[in-house]
Amino acid sequence: MRVTFTANGKPVEADDVWEGESLLYVLRERVGLPGSKNACEQGECGSCTVYLDGTPVCSCLVAAGQVQDREVRTVEGLSEENGELGLVQQAFIDAGAVQCGFCTPGLLVQTDALLDRAPQPSDTDIREALSGNLCRCTGYEKIMDAVRLASARKCQKVGTAE
Ligand code: FES
Ligand code: FES
């Protein structure tokens, strides 16, 4: 079947999609967006998290046919329009929160979503928001630092703009 949807603001089309194929597979293998990672393929790790119509979902659990005519935003879509890293992406680098990087795309999308609804989250808020995202490398402290840094920079940016 053919699946047509919007990915990071651009219309995309994938042909010969098998009915049971996941959105994650379509993104990585068919439309050239390999940022979302395939770690467990069972909805357990969060590495494949993307926005679907504005809500973070595990793309390994979404059937390709379910995204017909819908909007997907991946970790690639968190960058600035000029191609520079986005605020959350840069904060993870600056805080040293990336090691192997497998968990990072999902963490970035979840952090972006968290800061949209709670620009100044408490540590409890952060832990709760990221509880579905597993990292085998960092011990989470650097990830906490990265989210706090992103939050501070976002608030500063909003304050400067006002
Ligand atoms: S790859 Fe989707 S949750 Fe792990
Ligand atoms: S950086 Fe390796 S799993 Fe998180």
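Helix screen, the chain: DSSP H segments with Cα axial length of 15 Å or more and mean Kyte-Doolittle hydropathy at least -0.5 are 104-117, 141-161. Probing with 1.4 Å while keeping every protein chain in the model, the per residue accessible area of the chain equals 53 Å². Probe radius 1.4 Å, ligands and nucleic acids ignored: give me the carbon and sulfur share of the accessible area of region 70-162 as a rounded percent. Of the solvent-accessible surface of region 70-162, carbon and sulfur hold 49 percent. Which residues' amide hydrogens lie under 5 Å from the amide hydrogen of residue 21, considering only partners 5 or more residues apart or on another chain, with H built in the peptide plane? Amide H neighbours of residue 21, under 5 Å, 5+ apart: 64. Taking packing as the residue-averaged number of other Cβ atoms within 10 angstrom, the listed peptides 71-77, 29-35 run from highest to lowest as 71-77, 29-35.
Provide the gained length on full extension for the span residue 131 to residue 69, in nm with one decimal, where the gain is 0.36 nm per separating residue minus the Cα-Cα distance.
19.3 nm
Note on region 50-70 and region 85-105: Cα centroid distance 23 Å, given to the nearest whole angstrom.
In order along region 29-45, the Karplus-derived 3J(HN,Hα) couplings, from 6.51 cos²θ - 1.76 cosθ + 1.60 at θ = phi - 60°, round to 9, 10, 10, x, 10, x, x, 5, 9, 9, 10, 10, 6, 9, x, 9, 10 Hz, and Gly and Pro are given as x.
The values are calculated or read from the model by the stated rules, or taken from the named source; none is laboratory data. Since the structure is predicted, the reported quantities are computational estimates derived from the model, not experimental observations. Every residue, glycine among them, receives a Cβ derived from its backbone with ideal geometry; neighbour counts consider all protein chains shown. Ligands, DNA and RNA are stripped out before the accessible areas are found, and what is left, the full protein with its side chains, is counted by its heavy atoms. Shrake-Rupley method; radii C 1.70, N 1.55, O 1.52, S 1.80 Å.
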